[in-house]
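Input: a single structure, listed below in structure tokens.
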Amino acid sequence: MAQTATIYNLAIEFSDVDRGVYETLDLRIAQQPSETKEYMLVRVLAYCLEYRDGIALTEGVAAGTEPAILVRDLTGRVTSWIEVGMPDADRVHRGMKLAGRAAIYTHRDAAKVVRQLSAAKIHRAGEIPVYAFDPDFIDRVAALIERRTEITLLITERVLYLHVAGQDFTTTLQEHRL
């Protein structure tokens, strides 16, 4: 029997001071059987960091040819292609050509991600940021995520202040370029 996705309901009080974005998000997110909780958490954090009109979470690792997150304009055209983890260079290339903007969020070894993607031919690769979370931060927060979780997230100057399950966490998002 095939395993089904586990549904998480995340209530997120979100403030991105740098961009002037203040939202209350009620996300219903499916963790696919082949997806780790850490990967799912990075998808959620990337969604918050990229939040704007037209943003949508895809099915994550089960999304096939789509990235983890898409942003569409009012006409339905893809304007941002957001990958998570250690994406395939061909997907990043295709996404950058399609959308004109791509970004990668990872909790993996950022140097390895950059090295792997820099070796490939990717459209306008120098414009693609790779944002790296501290893996220990992701591991500690992911361990506290339950099927129903309330999260408070404050971002200022690329520093994330996160409150979940009565605990506070802080990390700095590191930016790298291909």
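Considering only 161, 41, 79, and ranking their Cα positions along the charge dipole of the chain that arises from unit charges at the beta-carbon of Lys, Arg, Asp and Glu, the one farthest toward the positive end is 79. In the range 6-177, the DSSP beta bridges split such that about 70 percent are antiparallel, to the nearest 5. Ranked by how many other Cβ atoms sit within 10 Å of their own Cβ, fewest first, the residues 149, 172, 106 fall in the order 172, 149, 106. Dividing the summed -39500 (n - 2.57) terms of all DSSP H runs of n ≥ 4 by the residue count of the chain sets its mean residue ellipticity at 222 nm at -7000 deg cm²/dmol.
Computed over the chain, the quotient of the alpha carbon radius of gyration and 2.2 N^0.38 Å is 0.99. The HN-Hα couplings worked out from phi for the range 80-88 by the Karplus form 6.51 cos²θ - 1.76 cosθ + 1.60 (θ = phi - 60°) are 9, 10, 10, 9, 10, x, 10, x, 6 Hz, whole numbers, x standing for Gly and Pro. Here's the list of aspartates and glutamates a cross-link from residue 121 could span, going by alpha-carbon distance under 18 Å and ignoring same-chain residues fewer than 8 apart: 83, 88, 90.
The ranking of 10, 154, 74 from fewest to most other beta carbons within 10 Å of each one's beta carbon is 74, 154, 10. What is the local net charge at residue 152, summed over the other residues whose Cβ is closer than 11 Å to its Cβ (Lys, Arg +1; Asp, Glu -1)? The answer is -3.
Every number in this text was worked out from the coordinates using simple rules, so none of it is lab data. All values reported here derive from a predicted model rather than from experimental measurement. Neighbour counts run over all protein chains shown; Cβ positions are idealised from the backbone, glycine included.
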